[in-house]
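One structure is given here, and the rest of the page talks about it.
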Amino acid sequence: MNRFSWYEAKSVEDALKNANTTLSEELYSPSNEAAFFKSGGIDVLDFLKEGLISPKTIVNVRDIPGMDKIEHEHNEGMTIGANVTLAEIEHHPDVAINFPALQMAVAHAATPQLRNMSTIAGNLAQRTRCWYFRSVDHQCFRKNGDRCFARHSETGQNEGHAIINNGSCVSVHASSIATALLALKASVVIQGGDMKKKVVSIEDFFVSPMQDISRENILGKKDLITEIKVPAPSANTKSFYIKQVARESYDWSLADVAVVAEMKGNTCVDITIALGAAAPTPIRSYEAEKILKGEQLNDMSITKAAEKAMEVARPLSKNGYKIPLFKSIIVRALSELI
Amino acid sequence: MKNDKDKSSKNAGKGNLSRRGFLRGAGLTTAGTVMLNSSVLAFESQPATGKAFGPDAVTIEMKVNGELKSLIVEPRTTLATALRDHLGLTGTKVVCDRGACSACTVWLDGRPVNSCMTLALDVGSRPVETIEGLAEGNELHPLQEAFIEHDASQCGYCTPGMIMSAAHLLKTNPNPTLQDVKKATRGNLCRCGTYPHVFKATLAAAKKMK
Ligand SMILES: Cc1cc2nc3c(=O)[nH]c(=O)nc-3n(C[C@H](O)[C@H](O)[C@H](O)COP(=O)(O)OP(=O)(O)OC[C@H]3O[C@@H](n4cnc5c(N)ncnc54)[C@H](O)[C@@H]3O)c2cc1C
Ligand code: FES
Ligand code: FES
């Protein structure tokens, strides 16, 4: 790990004034002057320890007053401060009552220790866990290199990689919590360097490698996430989340799904289905949603929706197993709504 | 574990030249020299609003196991390094150094965290509890006793972290189920496979502590 200075930001304005780049920009075109944000510090430290990045200054935003609150209003929904930890979301009674899918996603992310340290903003802005991307020995597309190592049909270790939208870099986004936030139609509030506020839907927050290979989200040089907004669910809304991992204790997601539906008896009035670890960004399966909207939820319609969700899948050499895996967790999650 | 602890505290007391004692001494001397330059530097670069530190070492205060300690660290120093190399509290182990095994678990503000992924400057005024702070004088914590009784430690590398996770559970839930114990130690990897013994020991300790 290189030596760096530490800037202890006292306000949003102060933090914005003292940052000059993002971790992603610095990784893609390194300077000797980088100053970027750190909140929980887990992902930042990972990059520093691997020697992937050598910032001049870390701007600590973790202790800026007022950024660590959860507020809930029945009609408006929930506002989660950027620095709220995953553990705080996991244990907040209003989250479990109003947004079960979010509570389940958070409770299944990382370890109890990491959840005590990681912040929601850091979780959304973390980079992919693709092992080639995380290795100093592999200059991949995402680090201004000339290839995607994972894509190679023989040598590519692509078991965990994307089966959908995998025409460029085939990595998947690391946040399993984003899957639930996408299904819940959450949005991200960002304060820019000009001190203007932007509100961006989770869907537009993430950037696919086809749009821009150097980044995974829209955050620019001087963009600080200040809060996440989760709109109030309409009456009779049910939600569920399932994350499939390789071992029981804890692990990164192989496939995860969040479903949020407004029900009238067994009829599905409206529904969102979001998939994580399927594509380079968390994605909604609009096609599967269309099949269920206005229809009865039963074994037949649910199975049809799951099949439809996987029609767009184009697996790589070693991740074909993800297709039946996704079908099965989509069916299981939808069954929980009946 | 008990022997190891006794030995190292004896060495520390008498200034015996054990490997650990030597490393501890050497560490302090280098850091001390750096500090002279840095306190001047840190002062000059201090802007009106926030505060800048480093990259040279700065003096910080940290409350560890109930005692206020003064130490000299660079901004890149992790809490694990501060505890082990600067304060000589080598009970905390570093195994993966990436937040993936929880061997380095300590309590920060009463909650288990990975000390390998926490920077020392991030601790601030929040209290730190390490495995060394669990026993009361010569009296082991009931969970430590239970680990010995149930043979819950093999090579011992995961043990301090495992105990800090399980002890936190017992502090917050006096009637844990097997499922609760599994959940609390879910991040703690043990390559020797002591899990069933760890679970038994924790449940036994819970009973004893009632
Ligand atoms: C072993 C392991 C297992 C994990 N498993 C999972 C899992 O299953 N699911 C999951 O979702 N996550 C998982 N994680 C991720 C983890 O939970 C953290 O969320 C993540 O590492 C980053 O959170 P942080 O607060 O530490 O962010 P930091 O490391 O502080 O920051 C991450 C990025 O966000 C930027 N940033 C931070 N705050 C802001 C802000 N307010 N505005 C703009 N940019 C900001 C930083 O500049 C940096 O680029 C795992 C991590 C590890 C190490
Ligand atoms: S050593 Fe800290 S988590 Fe493994
Ligand atoms: S006792 Fe050896 S790793 Fe757990």
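The values are calculated or read from the model by the stated rules, or taken from the named source; none is laboratory data. Everything numeric in this text was worked out from a predicted model, so none of it was measured. Here the Cβ is made from the backbone with ideal geometry for all residues, glycine too, and neighbour counts use every protein chain on show. Remember, those area values only see protein heavy atoms, side chains included, never the ligands or the DNA or RNA. Shrake-Rupley method; radii C 1.70, N 1.55, O 1.52, S 1.80 Å.
Pairing chain A with chain B buries about 3000 Å² of accessible area. This figure sums both sides and uses a 1.4 Å probe. Only Lys, Arg, Asp and Glu carry charge here, each on its Cβ (+1 for the first two, -1 for the last two); on that basis the stretch B:58-208 has a dipole of about 540 debye about its Cα centre. The relative contact order of the stretch B:58-208 comes to 23 percent, based on Cα pairs under 8 Å that sit 6 or more residues apart.
Using a Gaussian network model of chain A in which every pair of alpha carbons under 10 angstrom is joined by a spring, one finds that among A:84, A:257, A:269 the greatest mean-square fluctuation is at A:269.
Rolling a 1.4 Å probe over the protein heavy atoms leaves residue B:195 with an accessible area of roughly 70 Å².
Set Lys and Arg Cβ to +1 and Asp and Glu Cβ to -1, take the dipole of the protein assembly as shown about its Cα centre, and tell me which of A:277, A:245, A:328 lies farthest positive. So the residue we want is A:245. Normalising the average separation of contacting C-alpha pairs (under 8 angstrom, six or more residues apart) by the number of residues puts the relative contact order of the stretch A:1-64 at 51 percent.
When the charge dipole of the protein assembly as shown is built from unit charges on Cβ atoms (+1 for Lys and Arg, -1 for Asp and Glu) and taken about the Cα centre, the candidate among A:89, A:144, B:140 whose Cα reaches farthest toward its positive end is B:140.
Summed over the residues of the protein assembly as shown and divided among them, the accessible surface reaches 44 Å² per residue at a probe radius of 1.4 Å. Take every Cα pair under 8 Å in the stretch A:237-335 that's 6+ residues apart, average their separations, divide by the length, and report that relative contact order as a whole percent. It comes to 25 percent, rounded to a whole number. Accessible surface of the protein assembly as shown, 1.4 Å probe: 52 percent of it comes from carbon and sulfur atoms.
Of all the options A:147, A:115, A:284, the one that moves most in a Gaussian network model of chain A with Cα springs shorter than 10 angstrom is A:147. The ellipsoid equivalent to the alpha-carbon distribution of the stretch A:20-127 has semi-axes of 30, 15, 11 angstrom, derived from the gyration tensor eigenvalues as √(5λ) and listed largest first.
Placing a pseudo-label 7 Å from each Cα along the Cα-to-Cβ vector at residue A:2 and residue A:234 gives an inter-label distance of 5.2 nm. Nearest 10 degrees, 0 to 90: what angle lies between the long axis of helix A:299-309 and the longest principal axis of chain A (Cα atoms)? The angle comes out near 40 degrees. For the stretch B:58-208, the Kirkwood estimate of hydrodynamic radius, built from reciprocal distances between every pair of different alpha carbons, is 15.5 Å. Note on residue B:207: aspartates and glutamates with a C-alpha under 16 Å away, same-chain residues under 8 apart excluded, are B:145, B:149, B:180. For chain A, what D do you get in µm² per second when you plug the Kirkwood radius from alpha-carbon pairs into Stokes-Einstein at 37 °C and 0.692 mPa s? It comes out at roughly 161 µm²/s.
In this calculation the C-beta distance from residue A:212 to residue B:138 is compared with R0 = 60 Å, giving a FRET efficiency of 0.45. Within the assembled protein chains, the solvent-accessible surface assigned to residue B:158 is about 20 Å², based on a 1.4 Å probe. When +1 charges are put on Lys and Arg Cβ atoms and -1 charges on Asp and Glu Cβ atoms, the dipole computed for the protein assembly as shown relative to its Cα centre reaches about 1020 debye.
Applying 1/(1 + (r/R0)^6) with r as the Cβ-Cβ distance of residue A:300 and residue A:269 and R0 = 30 angstrom yields a FRET efficiency of 0.95.
An ellipsoid equivalent to the stretch A:279-338, defined through the eigenvalues of its Cα gyration tensor, has semi-axes of 22, 12, 9 Å when rounded to whole angstrom and sorted largest first. Straight-line reach from residue A:10: which lysines have Cα under 26 Å away, leaving out those fewer than 8 places along the same chain? Within the straight-line limit of under 26 Å, residue A:10 reaches these lysines: A:38, A:56, A:69, A:196, A:197, A:198, A:221, A:222, A:229, B:51, B:63, B:69.
Could you name every residue in the stretch A:1-38 that has 50 Å² or more less accessible surface in the full protein assembly than in its own chain alone (probe 1.4 Å, ligands and nucleic acids excluded)? With the partner chains in place, the stretch A:1-38 has these residues losing at least 50 Å²: A:1, A:3, A:4, A:6, A:7. Taken along the Cα-to-beta-carbon direction at a fixed 7 Å, the label points for residue A:221 and residue A:144 span 1.5 nm. Comparing A:201, A:175, A:253 in a Gaussian network model of chain A where C-alpha atoms under 10 Å apart are linked, the largest mean-square fluctuation is found at A:201.
By a 1.4 Å probe calculation restricted to protein chains, residue A:197 has an accessible surface near 130 Å², given to the nearest 10. The modelled label-to-label distance between residue A:91 and residue B:70, using points 7 Å beyond Cα along the C-beta direction, is 3.5 nm.
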